[in-house]
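Just below is one structure, and these are the notes that go with it.
The values are calculated or read from the model by the stated rules, or taken from the named source; none is laboratory data. Owing to the predicted nature of the structure, the values given are computational and were not obtained by experimental measurement. Cβ atoms come from the backbone with ideal geometry, glycine included; neighbour counts cover every protein chain shown. What goes into the accessible areas is simple: the full protein's heavy atoms, side chains included, and nothing from ligands, DNA or RNA. Shrake-Rupley method; radii C 1.70, N 1.55, O 1.52, S 1.80 Å.
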Amino acid sequence: MPQTYAEVWRSVKLHCPAAPTFLVREWVLDAWKTITRLRPTANYLRTSAAITIQAARTITVTATLNSPTLTSVGLFVAGDVGRQFRVSTYPYYTIIAFVDANTVTLDRAYGETTVTGSADIFDGVFVTPADFGQFDIIADPYNQRRLAFWITQEQINMLDPTRQSGDTGPRLLATASPSIVPATLGRMTYEYWPRPTAARSYPYYYFKQAQALAETFAFSGALAEAGEVLRKGALAQAANWPGTGDKPNPYFNRGLAADLQKEFRDGVQLISLRDDDMQGSDYLRVNWDRWPLADLAYNDESLRSTDATIADLY
């Protein structure tokens, strides 16, 4: 039977009753994080989701030089938070707060000439889930191929520095700066290129990072019967903990800690092998630097609207 997080930490607590409960829980959690760090692409960390892009819309706004406040006549909606904004074509700004239908706040002061006129609100970046570790694959059902995600913004800057290119959907996702929107602050983001204009949905698989565990969280996949490995990892830390001045830890033993740590590492290796046995993974390494940006664009139509030269593309 799969063991739960609560069952594992309570077992560790029986071995080391002098340790406070919160510390025992942290030892087990740390062992869990170590396992996932040593095998970040394990099948038990793989999950699926979908990238959802809203259609771009054009509205009339007033943007004032040196002010982060953007106004309209009742045209903003709460869902605009996290989306991008532009007047003309460049630069992009991010909407970080919705005040009301008449007012939103940008991520920085508007740096162009004060204007009242048409502006675009669109999805320019993808914000990853809170437990995101790395992509496995992003499928493009509209063109029957996968979307590239191993491209950097520096490469896009060579191809399209002022982001002139737009299309119904993106051809790739380029690594970008962490999110600056309060609700998703610090999460990894990817820039869509070309800038998408239509509503789109792209299914994807990704590998999760280790997160804080709920009491009832059951270890699954190759970890379904691996509670003993987690216990060894937690007990190795328990044997390294001397206790407090007024309450020493009877379990404290550096030699035992070293032995348990070795058993823990050996157990992690066995989990990795079992993961491969249950669902093998075959990764073909490709020299992505030799994959021209022209190919990522699918055709030359979107490329003709950029500032790139023939040398940049091929």
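Can you tally the lysine pairs in the chain where the Cα-Cα distance is under 16 Å and the two residues are eight or more apart, or on different chains? Provide the component values of the computation, followed by the final result.
Numbers: 13/232; 13/247; 33/208; 33/232; 232/262.
So the count of such lysine pairs works out to 5.
Per residue, how much accessible area does the chain show when a 1.4 Å probe rolls over the protein heavy atoms, in square angstrom?
Ligands and nucleic acids excluded, the result is 50 Å² per residue.
What three numbers, in Å, describe the spread of the alpha carbons of segment 184-273 along their principal axes, ordered from the longest?
That works out to 65, 35, 25 Å along the principal axes.
Where in the chain are the DSSP H helices whose C-alpha atoms run 24 Å or more along the long axis and whose mean Kyte hydropathy is at least -1.0? Could you put the intermediate results ahead of the total?
On the way: long enough: 21-38 (26 Å, 0.28); 254-278 (36 Å, -0.59).
Once both thresholds are applied, what remains is 21-38, 254-278.
Report the gain in length on full extension from residue 158 to residue 62: 0.36 nm times residue separation, minus Cα-Cα distance, nm rounded to one decimal.
Working it through step by step, the gained length comes to 31.4 nm.
Pop a pseudo-label 7 angstrom from the Cα along the beta-carbon direction at both residue 265 and residue 187 and give the gap in nm to one decimal.
Distance between the two pseudo-spin positions: 3.6 nm.
Taking H as built 1.01 Å from N, whose amide H comes closer than 5 Å to the amide H of residue 132, not counting residues under 5 places away?
209
Under 14 Å from a point placed 7 Å out from the Cα of residue 14 along the Cα-to-Cβ direction: which residues of segment 240-282 have their backbone N that close?
Within reach of a label on residue 14: no residues.
From the phi of every residue in segment 74-89, what ³J(HN,Hα) in whole Hz does the Karplus formula 6.51 cos²θ - 1.76 cosθ + 1.60 yield, where θ is phi - 60° and glycine or proline is x?
Result, rounded to whole Hz: x, 9, 8, 10, 4, x, 6, 4, x, 8, 9, 9, 8, 9, 6, 10.
For segment 229-271, what D do you get in µm² per second when you plug the Kirkwood radius from alpha-carbon pairs into Stokes-Einstein at 25 °C and 0.890 mPa s?
Stokes-Einstein gives a translational diffusion coefficient of 234 µm²/s.
How much FRET efficiency would the formula 1/(1 + (r/R0)^6) give for residue 276 and residue 180, where r is the Cβ-Cβ distance and R0 is 35 Å, rounded to 0.05?
Calculated value: 0.35.
Calculate what fraction, in whole %, of the accessible area of the chain sits on carbon and sulfur atoms when a 1.4 Å probe is rolled over the protein chains.
54
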